[in-house]
Amino acid sequence: MTRALLIDTDPGIDDAVAIALALASPEVDVIGITTVGGNSGLAATTNNALRLLEFMGRTDVPVASGYDEPYVRAKMETGYEPVHGHDGLAGVDLPQPITEVVSTDAPAFLADKIRNSPDPVTLVAIGPLTNIAHLVDQHPDVIPMIDRFVIMGGAARTGNVTPVAEFNIWHDPEAAKRVFASGINTVMVGLDVTHSVKTFEHLWGWLKDGSKFGKVFDHILTSYTDFYETFYGERMTHQHDALAMAEAIWPNLMELEPAFIDVECQGELTTGMTVTDTRLRNDVKPNGYVAWTIDGDDFHQKLMSALEKMAQKVS
Ligand code: BDR
Ligand code: CA
């Protein structure tokens, strides 16, 4: 059975890898992409989603743009330029898109797709949860219709932007809090698992084959690796979004544990922390799962073979 997949994203270099993985995986049918401000502003993330789809020959996948501003707080001045570059894709040489968004109302677009899908829908969110919080507010009837909801976000243990907060949650903590409280059963693929997998540069060696796909992905991944080297001292990256995408494509690829997850929005030191309770004492009911581990070699094998297939198509 093919599962319908909706992707909410802020491309973003690792988002681009995740999108390519989804498009190349026959287990899922990507029925739409929505964009959100995060790694860059909404104009850039939307532009990137459109040009990536054109590059990969998938203009049949509709794109709807969503929110630039976080759910409650004021918009930040910039995204996270040192990681993803001024345009969200490290200044890669990709033509401007010819296609346009089908809607500028991402929550309405998602709701419509969820309501009308004949197949069970997996929603995967690999950016800040702003659009999803608005979906919960504006179209609550579709929430129980979502078969599976997987996010890249959060950290039960150690953060990246702060000692305890992961970027997607930290960027819009109130949105994340709203989503965790909504009744959607959330699979939280956070830094606990994404930091456990190092994608060393040599694994991308095949991209240096001079192919069209190779040139684009080698450019963005080399830039991403340069950033990681300055931070972690190794020529590797954490493929956060592709890992969450893998769990969306192949359910239970990861070791998951039921948890009650809430988000700290006010702490002086802890804003954006995903407070993750796996002990479930005092009658707390789980509202999702936290992902703890994955077989990194298996993930890399799945990722690279999917991307190699995509590379053959893009010529
Ligand atoms: C997350 O933040 C972004 O920079 C990445 O695209 C990923 O979704 C990792 O913390
Ligand atoms: Ca992302």
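The values are calculated or read from the model by the stated rules, or taken from the named source; none is laboratory data. Everything numeric in this text was worked out from a predicted model, so none of it was measured. Don't worry about glycine lacking a Cβ; one is built from the backbone with ideal geometry, like all the others, and counts go over all protein chains shown. Calculation scope for accessible area: heavy atoms of the full protein, side chains included, ligands and nucleic acids excluded. Shrake-Rupley method; radii C 1.70, N 1.55, O 1.52, S 1.80 Å.
Worth a mention:
- Whichever residue in region 262-293 is within 19 Å of the chain's Cα centre (by Cα) and open to solvent by less than 30 Å² (accessible area, probe 1.4 Å) and, among such residues, is nearest to Leu221 (Cα to Cα): Ala291
- The listed residues are Ala181, Ala156, Ala165, and the only one of them that is within 16 Å of ligand 2 (Cβ to nearest atom), closer than 22 Å to Tyr289 by Cβ and of a type in the set (Gly, Ala, Ser) turns out to be Ala165.
- Matching residues in region 115-144 - criterion: being part of a loop (DSSP other than H, G, I, E, B) and open to solvent by 20 Å² or more (accessible area, probe 1.4 Å): Ser117, Pro118, Asp119, Pro120, His139
- Filter result for Thr237 (touching a Phe, Trp or Tyr at 6+ places or on another chain (Cβ under 6 Å) and either of a type in the set (Lys, Arg) or open to solvent by less than 50 Å² (accessible area, probe 1.4 Å) (or both)): yes
- Some residue of region 145-155 being farther than 17 Å from Thr122 by Cβ, open to solvent by 50 Å² or more (accessible area, probe 1.4 Å) and either outside any loop (DSSP other than H, G, I, E, B) or not basic (Lys, Arg) (or both): no
- Single residue of Gly159, Gly153, Gly127 found to be in contact with a strand residue (DSSP E or B) (Cβ under 8 Å, 6 or more places away or on another chain), closer than 23 Å to Met56 by Cβ and modelled with pLDDT of 95 or more: Gly127
- Number of the exception - Leu221 against (1) hydrophobic (A, V, I, L, M, F, W, C); (2) open to solvent by less than 40 Å² (accessible area, probe 1.4 Å); (3) in a helix (DSSP H, G or I); (4) away from ligand 2 (no atom under 15 Å from the Cβ): (4)
- Residues that are of a type in the set (A, V, I, L, M, F, W, C) and assigned to a loop (DSSP other than H, G, I, E, B) were ranked within region 85-114; the one that is surrounded by the most Cβ atoms within 10 Å (Cβ to Cβ) is Leu89.
- Every pair of residues 6+ apart whose Cβ atoms lie under 9 Å, when the first sits in region 49-78 and is over 15 Å from Ala18 (Cα atoms) while the second is open to solvent by 50 Å² or more (accessible area, probe 1.4 Å) and among the small types (Gly, Ala, Ser): Ser65/Ala43; Asp68/Ala43
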